[in-house]
Structure formats: C-alpha cells, structure tokens
Amino acid sequence: MSIPSNPDRPLALVIGATGGVGGEVARVLLTRGWRIRALNRNPQAAAKAASGLNGIEWVKGDSMDAASVIAAAQGANLIVHGANPPGYRNWAGTALPMLESTIAAARASGARILFPGTVYNFGPETFPLVAETAPRRPRTRKGAIRVAMEQRLAQVASEGVPVLIVRAGDFFGPRSGNNWFGAMIQPGKPVSLILNPGRRGVGHAWAYLPDLAETMARLCERTDDLSAFEVFHFEGHWLKDGREMAEAIRRAVAPARPAIIPFPWPVAWLAAPFAETFRELLEMRYLWRQPLRLDNSRLKAVLGEEPRTDLDTAVRASLIGQGSLTPATPSASLRLA
C-alpha cells in the first residue's frame, strides 16, 4: 500500500524495519495512516528488498550511531525500537548501545519509544501465569540484558521520555526472521520433517507477528490512555500442549504428513562451544520445559480485546512467507480474544 505524503499525519521512525517486529509494525502503521521513516545502513537495498512496505521513507543510518538516529528521528511522534543483534549474536556488545541511540533520538524529538519485550526476563518462580508486575529474575545472559534494557527505559521515562513496552512469547509470521518457528522446519524448502522443541503437556506462548503489530499500533494510538511508562502483556497463541504448533504445521502441509521428532538438543550441546547461536538457544531451553503464559487482562482492559488470527491461518501464512508452502487462495481469519 502506498500512502501519499502528508505532514499532518503522525510520523514513526522504525529502527529494524527489515526485521520481523519492526517490519510488521511498519506495515500496520502504514495501513492506519501513519507516515513511516525507516533507518538502514543501505537504504536503497532495503527499499528494494522490503515486501509490502511501499510508501516508506528510507534514510541512511546505523542504529549504533546516535547522531544518525537523532537526525532520522526529527519530527517523529514514535520510535519503534525493532533493532536486534542478527542471529542471536553479540547481544552483550550491541543491544544496550543500540538502545542508547534510540533514547538519545527520543529525547531530541519528543517521541515515544515502542519497545518489543520478551519472556526472557522471567524465571520459573513466576510461572505459569505471568503478569506485567511479576518479579524479573532472569536465568540467562540474554534475559539479564533484556531486564537491563527495560530498567534503562523505565529510568528515561521518569526523566520525561515516554515509553511503551509490549512483551510477547516466541515470534512467528510470514516475515519473522530468526525464531523458533523457523528452527522447527527448513525455511525455503517444503516441510519434510518437523523438529519439535516442546514436550507433551507443557504449554507454550507463541506470538503471531501481524497480530502483535496490530496490538502495538492500537496502543500507540491511545495516547490519552497511556502514562509516561507503560508495560503490557500480549497473550498471543497459548498452546497448552508442547506438540500443538508441530501439529498445526503438519495440518498446513496436508496431505503430506512429515514426521514430528524432538528437537536435537544433544546436537546443540555439541555445537554450542563453536557457535554462539546454539549457545543462545540452549539458554532458552528452560522455556520449553515449563509452561509460561502471559496474562493479557490489562491489555484487554485498555483495548477491549486482543487481535488474534486463527492458528491454522497464521501457521499457513507463516509457512508461505518462509518459502515452505505453495500459496493457495488467501484467507484472512481474524478473531478477537
């Protein structure tokens, strides 16, 4: 969708518009009438590669360079911090510096920061139903970094920079980048085998990115209802059994019936000393061994409902987007929960 330029419409700077969360939020905001500016080190290549992002103003810059983020944020009402270290690599060296660039830009422009939160903040003592106010005692290095990022955002909110955090479970979607859904299949190839990281009887929280982005956009437009620092939990698809996502993938590729086998955790252990991605995946294993469900009652109190696409529709769209399923007649089955 291409939207004519109109300076009277609100402007969002999206950092990470080529990624999963940033890209989906940009798409939703475009459809809701926002102007979108996107920061990228190679804006020409990003504009050419981006799917469904016509009407975006691409600007050159690096999320590690505060000056370029400040320049890009001029006139912005919202800064979407969708920047993440690629492939789970070097979180310690990049996550907080990138956030500081966004904070500096928000101070200069007066924009609100939208920050996608995760469940890595929480330890098992808060399970199985986790509210926004639950103690944050992370069990992993990445969890500790995420807590430090949220603490920094709370600090700057007290100093006059408005912040909105929306926490969600494991991402999946048509353009979702690095995630557990992609680790269950082989993106770009027909599904011939499904690696299931979960276990029977252990529930898991999944967040379909188009639904999460819609939720974030609706919250961003409720400025009269938001304080300087807001945190909401997005429930998404709470699957009570550890095989439900794998079974949904198998339904989507019927009549084929690919085998569902346990995720090869022993292989990950062997590869971990040589690959940071596997080390990061292993740190998150505890989230597959115990149920963690996000309590979205506060979110529903503000919005009235949580946007939620039917699971089979969402899984099918995700497989098509990842090149693992041939598109058929498109369907859109959105329900409210």
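The values are calculated or read from the model by the stated rules, or taken from the named source; none is laboratory data. Note that the structure is predicted; figures quoted are calculated from it, not measured. Note that we place each Cβ from the backbone using ideal geometry, even for glycine, and neighbour counts take in every protein chain shown.
Specify which of the listed residues (243, 257) is of a type in the set (Lys, Arg), surrounded by fewer than 20 Cβ atoms within 10 Å (Cβ to Cβ) and in contact with a helix residue (DSSP H, G or I) (Cβ under 8 Å, 6 or more places away or on another chain).
Only one candidate qualifies: 257.
Okay, residues lined up against (1) more than 22 Å from the chain's Cα centre (by Cα); (2) in a strand (DSSP E or B); (3) hydrophobic (A, V, I, L, M, F, W, C):
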{"position": "187", "(1), (2), (3)": "no, no, no"}
{"position": "195", "(1), (2), (3)": "no, yes, yes"}
{"position": "211", "(1), (2), (3)": "no, no, no"}
{"position": "218", "(1), (2), (3)": "no, no, no"}
{"position": "232", "(1), (2), (3)": "no, yes, yes"}
{"position": "267", "(1), (2), (3)": "yes, no, yes"}
{"position": "277", "(1), (2), (3)": "no, no, no"}
{"position": "280", "(1), (2), (3)": "no, no, no"}
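Can you go through 85, 97, 124, 138 and tell me which one is loosely packed, with under 15 Cβ neighbours inside 10 Å and touching a Phe, Trp or Tyr at 6+ places or on another chain (Cβ under 7 Å)?
Details: 85 fails: loosely packed, with under 15 Cβ neighbours inside 10 Å; 97 fails: touching a Phe, Trp or Tyr at 6+ places or on another chain (Cβ under 7 Å); 138 fails: loosely packed, with under 15 Cβ neighbours inside 10 Å.
Step by step, each of 85, 97, 124, 138 is checked, and only 124 is loosely packed, with under 15 Cβ neighbours inside 10 Å and touching a Phe, Trp or Tyr at 6+ places or on another chain (Cβ under 7 Å).
Are there any pairs, at least 6 apart or on different chains, whose C-beta atoms fall under 8 Å, with the first in the stretch 164-187 and within 19 Å of residue 299 (Cβ to Cβ) and in contact (Cβ under 8 Å) with a residue 40 or more places away in the chain and the second among the charged types (D, E, K, R) and outside any helix (DSSP H, G or I), and if so, which?
Every condition considered, the pairs that remain are 164/112; 164/230; 165/230; 167/132.
Out of the residues in the stretch 1-20 that are at pLDDT 95 or above and touching a helix residue (DSSP H, G or I) at 6+ places or on another chain (Cβ under 8 Å), state the one that is surrounded by the most Cβ atoms within 10 Å (Cβ to Cβ).
Among those that are at pLDDT 95 or above and touching a helix residue (DSSP H, G or I) at 6+ places or on another chain (Cβ under 8 Å), it is 14.
Do we have residue 228 as touching a helix residue (DSSP H, G or I) at 6+ places or on another chain (Cβ under 6 Å), closer than 15 Å to residue 115 by Cβ and either at pLDDT below 95 or buried (at least 18 other Cβ atoms within 10 Å of the Cβ) (or both) here?
In short, no.
Which residue pairs have Cβ atoms under 6 Å apart, sit 6 or more places apart or on different chains, and have a first residue in the stretch 39-60 that is assigned to a loop (DSSP other than H, G, I, E, B) and a second that is not small (Gly, Ala, Ser)?
41/62; 52/27; 55/3; 55/30; 56/36
For (1) at pLDDT 95 or above; (2) buried (at least 19 other Cβ atoms within 10 Å of the Cβ); (3) of a type in the set (D, E, K, R); (4) under 21 Å from residue 113 (Cβ atoms), each residue gets a yes or a no:
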position: 174; (1), (2), (3), (4): no, yes, no, no
position: 180; (1), (2), (3), (4): no, yes, no, no
position: 195; (1), (2), (3), (4): yes, no, no, no
position: 221; (1), (2), (3), (4): yes, no, yes, yes
position: 234; (1), (2), (3), (4): yes, yes, no, yes
position: 248; (1), (2), (3), (4): yes, yes, no, no
